1. Please identify the chymotrypsin sites (Phe, Trp or Tyr not before Pro) of the stretch 170-234 that satisfy two criteria: DSSP loop assignment and at most 15 other Cβ atoms within 10 Å. Which are they?
2. Take Lys150 and Asp238, extend 7 Å from each Cα along the Cα→Cβ direction, and tell me the distance between the two endpoints in nm.
3. More than 14 angstrom separation, counting every C-alpha pair in the stretch 165-213; what % is that?
4. Could I have the simple spin-label model distance between Ser201 and Glu330, label points 7 Å from Cα toward Cβ, reported in nm to one decimal?
5. Counting other Cβ atoms within 10 Å of each Cβ, which GluC sites (Glu not before Pro) in the stretch 261-332 have at most 15 and sit in a DSSP loop?
6. Within 10 Å of each candidate Cβ there may be at most 15 other Cβ atoms; applying that plus a DSSP loop requirement, which trypsin sites (Lys or Arg not before Pro) in the stretch 68-169 survive?
7. Evaluate E = 1/(1 + (r/R0)^6) for Glu137 and Asp261, where r is the Cβ-Cβ distance and R0 equals 30 Å; express this FRET efficiency to the nearest 0.05.
8. Taking the DSSP beta bridges in the stretch 216-338 as the whole, what percent of them are antiparallel, to the nearest 5?
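The values are calculated or read from the model by the stated rules, or taken from the named source; none is laboratory data. Remember, it's a predicted structure, so these values are computed and weren't measured experimentally. Ideal geometry is used to build each Cβ from the backbone, glycine not excepted, and the neighbour counts take in all protein chains shown. Just the protein is used for accessible areas: all its heavy atoms, side chains included, with ligands, DNA and RNA removed. Shrake-Rupley method; radii C 1.70, N 1.55, O 1.52, S 1.80 Å.
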Amino acid sequence: MVKCLKKFAAFIFMFAIAFTFFSPICVNAEEERTAVCVQVPADWDAPCVWAWDEDGNNAFDAWPGGETENIPDNDGWYYIWVPSWADHIIVNANEGNVQTKELVLEGGNAWITVKDAENAEVSYDSLTKGDLPEYVEKFVIHANVPESWKTPCLWAWSAPDGTNAFEAWPGAELKQGEDNWYTGKAPIWVNSVIINANEGSIQTEDISVDPAEMWITIEEDGSYDFSYDDPNAVSAPDINVNVKAPADWSAPCLWAWSAPDGTNAFAAWPGETLTEGEEGWLTLSVPGWINSVIVNGNEGSVQTTDISVETGKDIWLVITGAEEYQVYYEKPADTAGSDSGTNIEGTDAIEAESSTEKVSDTAEETQTAASDTKDEGANMGVVIVIVVVCVGIVAAAGYFVIRKKKS
């Protein structure tokens, strides 16, 4: 009897420990999301949604944000699922060249009717018919095809069970980019793809893939090569940005990015704090591929306009006001009252009325959301640890009681 109880107690204890380790992972695995449905003017092509929270955490890596998809049986309506914590929204289109002002959501699925750039209305009552498509996590596939491959499409499925991602061959048409690169998305549960063209009459062989962003280069005969590293990624040695800012700009920071693609050097506004250098200069090392900067201070509440700079060169900036600055590519001998630098007009600023006015329309990189789901996962872990300890104590107590009675 004692041996059985000991085995049972050990089983319970080990199960509880395993549950402690794995349950927080399960709790955090699926982030809560909200549907944003948009109806845009007829001349707004390929609408996208840029989303963030009041702390400057972004839902998407780069402007113009996440691409929307058509809502079936609802002409003119598009949808996208965004993290629920991202309650600040900008709807944009035409590769980010037209956009609404900032819209602050109150929570829950939202339907946004855009009349023009200045007029957009938000409703929390459904304005579309039928159920919205469920959220499906997807990964991006880029394909570089020969010029003779017209209207390339993506076909994707799960092997060996044969579940298809699209209803019928040749699959989903890929979106054309630059230099014969096309882009599409597939659900993360697929492990096999085919790139085809000319109404499916030419194609690659079956390509086994992992569910991660990838680049496929296709030759005229259909042979291919692919990589999970971007072959077009910009690479350059780091450069130093040196700044002299107004005396009343406390803790000056630097925000830096690459325009027009919107790749940012830092995760969230206001960027990185400049550090004390020599001769009164503030300095910071940044990737050499950046071509646009903003200097800001007072926790991002004061800032310059967008400043365009040359790539790959160390920079010296003398800031005397939000619109007044000089740019140098060699250290100036005397910056007091100097007018030998270049005063550059700001470009591409987002027309938002809150803290996002401090960020260019290239936007910040990388979502670092601290969602309630994560907090719940951490709390669940604490609770489970307590339960495990209690189970262990009870099991141990039961064992010693039985031993005592037997003796």
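1. Values: sites: Trp181, Tyr182, Trp189, Trp215, Tyr224, Phe226, Tyr228; in loops: Trp189, Tyr228.
Loop-located and lightly packed - Trp189, Tyr228.
2. Here the modelled spin labels are 5.1 nm apart.
3. On the way: 675 of 1176 pairs.
In whole percent, the long-distance tail amounts to 57.
4. 6.2 nm
5. When the GluC sites (Glu not before Pro) of the stretch 261-332 are filtered for loop state and at most 15 Cβ neighbours within 10 Å, Glu299, Glu310, Glu323, Glu330 remain.
6. Values: sites: Lys101, Lys115, Lys129, Lys138, Lys150; in loops: Lys101, Lys129, Lys150.
Loop-located and lightly packed - Lys129, Lys150.
7. On the way: r = 24 Å, r/R0 = 0.78.
In this case the efficiency is close to 0.80.
8. Numbers: 28 of 32 bridges.
So the antiparallel bridges amount to about 90 percent of the total.
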